[in-house]
Amino acid sequence: MNKEILEQMRTQNFKFIFLALFFFYFINSYSQSELRKVEFELYFDKNYPIQAGNLTVKNSDPIIGTQTDLSGKAELNLQNKNVKVVLDYLGPTYIELEVIENIDLIIVNLKRDKIIYYKGNKIIKKQKLKIKQ
């Protein structure tokens, strides 16, 4: 009788462990598949990067953001497919960048008043820069 009880306990433990591992695997794979990396390159002109420019997702709670590095580059890992990212680089002026579903790189050139959106090496969209205050 003790052997039967032990066998039932092992079977129950195995089922519990299997279900727990399956649950954690499912949650982990789901959360990772929803994040996507969007890269940013910010320039005053071709060879003059914007350093320490703040990029934040508009209306995010908690705040999601980053800063550009010395070469004017930054990246954000986003869950939502369509968001607005605010670029704040000097004083009260800012720029809103629309990050749409199929974009993985956004290049901003202030001198040329231009935003270029890329997917891979292909230009998806070009837009005139609108600075807000």
| field | Pairwise label distance in nanometres, LYS130 with GLU101, each label 7 Å out on the Cα-Cβ vector | value | 2.3 nm
| message | Give me the extension gain from LYS122 to LEU70: residue separation times 0.36 nm, minus the current Cα-Cα distance, reported in nm with one decimal. | response | 16.2 nm
| note | Summed over the other residues with a beta carbon less than 10 angstrom from that of VAL85, with K and R at +1 and D and E at -1, the charge totals 0
| message | Shape verdict for the range 92-133, please, from the Cα gyration tensor: rounded (a/c under 1.5), prolate (a/b greater than b/c) or oblate. | response | prolate
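Computed from the coordinates by the stated procedures, all read-outs in this text should not be read as laboratory data. If you're wondering where the values come from, they're calculated on a predicted model, not measured in any experiment. Note: ideal-geometry Cβ built from the backbone for every residue, glycine included; neighbour counts use all protein chains shown.
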